[in-house]
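Here, each number is a calculation from the coordinates, and none is a lab measurement. Since the structure is predicted, the reported quantities are computational estimates derived from the model, not experimental observations. Ideal geometry is used to build each Cβ from the backbone, glycine not excepted, and the neighbour counts take in all protein chains shown.
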Ligand SMILES: Cc1cc2nc3c(=O)[nH]c(=O)nc-3n(C[C@H](O)[C@H](O)[C@H](O)COP(=O)(O)OP(=O)(O)OC[C@H]3O[C@@H](n4cnc5c(N)ncnc54)[C@H](O)[C@@H]3O)c2cc1C
Ligand code: SF4
């Protein structure tokens, strides 16, 4: 029998990026908030200090910071005729666990989305016509978001200044800026910090890309280029290119994370209470099923509690957001056969992969000296920046391309050319020959939603508490393969222009596999929109069916954008919280009428 606790104004399920941002905004408005985080408490000192934090076996290979999939895994299959099996070793994506969530071990690659991304369906039909869209794949279920770039711009700006993003603006209020990305959406002002210093591999990429007429720019990064005090008065330091960023926490206070940009102020606020090692099992509803009364959770000692709250924020990472809605019976689950239902609908992912460029031995890359977001990039093939009308076979979407090497760590990084044996003396010789003379190029881009890809509850497998696991049914739509393969040809040309002796072609392939790392930008499943028939949440990420529940994060993306999505998640969270503070708290109820 759960012990009932005193009621609070709001509770967050998870204390990662969205959980700490939402709680901060609420406590500023005088609301009492409890943050429930299933992982352990942790901070830069003592938990993230070297040498222990540079343990590649522990963090990169054994995934010490990731969701405990002995207790709670995700099951997977490529299509609904298959039987899904649990993913017992994370590889393709790496959801985090512990105070700060995945936003602790992220890279810091800090992009905004583009104007057209938010109105994708309307944009594609307007520019290319419905017939063209149908030819890209009748199974595609892309849609508009219900919010526009212009509405989000002030919130992008606010979040970038909170993180201290280092970059060079390419477009300020419509004026193209030298040195930045000429394709970027208009921003109201410069980044808070200048870009990171360009790496040697970045400079080689720049030269190659420029020689072909493309437009290189420095990747915006939340690995900071200089000491910075954010608007909350928290001090961050300069990145030292330690080479242990992606999958690791930062020991230097140089990467934006909840611990470095928000928690030091939040946890001191008397309106906030943080409870770690507390796993939420479900959201409780009243007898009408239209109002949440709070959550039920289990603490580290296995005791069950009921935490009553006026507002519930689901801030548990996209996959867990969708699972929480399904376990709680909020919103109609999606059925791929009828196309009806919204929770689990439009799960999408990210297209990644790119060539390895093997250089002459005189070119010393020193890949071990790098940050999590050190790239030099081009956006010439991102989103709809190039004309798709004559593409044969037709496709929509695009990818950014860039040289982004995030550390030549000894276990994970040993590029060898095709034909090299996978072990033995010849392999060792090839690793020794190429380790310091190979450049990785990233293709990273859109993934369109499809009626065939979705999330639901697994009928067989359960977690440690006896609750069904989340089941993922996913394969890349043919559209995404066409897009990625088209760009792969262009990237091989760049690799050659860089002086590559051997250029190994990249690009996304089918079937999608969960055994190789691709991206932790899982998105959709509780998508936002204007129509409750095709979206689980409205434009403020408020559940249509239970208006005092807000599902915040990448689960609300109707399809994935070209870019790493976290800066957009931050902007959307600020946008929703503004509406909650200024409208919902004054008059609780739906912020948008269905
Ligand atoms: C290796 C890696 C690299 C990345 N690099 C980039 C990048 O360069 N750029 C970029 O834009 N994005 C990047 N990301 C993505 C970024 O980390 C996420 O977008 C961001 O952290 C999402 O915020 P969130 O609040 O949704 O989830 P999180 O920050 O993961 O927080 C969710 C929290 O909820 C907790 N939780 C889950 N379920 C429960 C429950 N039932 N009860 C209680 N607590 C629960 C989890 O333990 C976790 O702490 C990367 C991610 C990874 C893993
Ligand atoms: S690369 Fe820079 S930001 Fe990343 S962990 Fe190292 S010092 Fe921190």
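Taking each DSSP H run with n ≥ 4 as -39500 (n - 2.57) and averaging over every residue of the chain yields -6000 deg cm²/dmol at 222 nm. Here is the P(r) of the stretch 177-218: all C-alpha pair distances, binned every 10 Å from 0, give 24, 51, 24, 1 in whole percents.
Calculated over the stretch 309-378, the projected area of the Cα convex hull averaged across directions stands at 9.8 nm². Expressed in units of 2.2 N^0.38 Å, where N is the residue count, the Cα radius of gyration of the chain is 0.92. Projected onto its three principal axes, the C-alpha set of the stretch 175-254 covers 41, 31, 19 Å, listed from the longest axis down. The C-alpha radius of gyration of the stretch 440-529, expressed as a fraction of 2.2 N^0.38 Å, stands at 1.44. How large is the Rg to Rh ratio of the stretch 46-113 when both quantities use alpha carbon positions and Rh follows Kirkwood? On the Cα set of the stretch 46-113, Rg over Rh gives 1.06. Among 474, 183, 317, sorting on how many other beta-carbon atoms sit within 10 Å of each Cβ, with the fewest leading, yields 183, 474, 317.
Give me the tail of P(r) for the stretch 233-384 as a percent: Cα-Cα pairs with distance above 22 Å. Present the calculation step by step, with values, prior to reporting the outcome.
Details: 7657 of 11476 pairs.
Considering the stretch 233-384, 67 percent of its Cα-Cα pairs are separated by more than 22 Å.
Note: relative contact order over the chain, using C-alpha pairs below 8 Å and six or more positions apart, is 22 percent. When 266, 572 are arranged by Cβ crowding within 10 Å, least crowded first, meaning fewest neighbours, the order is 266, 572. When both bridge partners sit in the chain, DSSP labels roughly 65% of those beta bridges antiparallel. Sorted fewest first by neighbouring Cβ atoms within 10 angstrom, 541, 405, 448 come out as 405, 448, 541. In vacuum, with every alpha carbon of the stretch 347-397 counted as one equal point scatterer, what does the Debye formula give for log10 I(q)/I(0) at q = 0.20 Å⁻¹? Two decimals, please. Log10 I(q)/I(0), no solvent term: -0.99.
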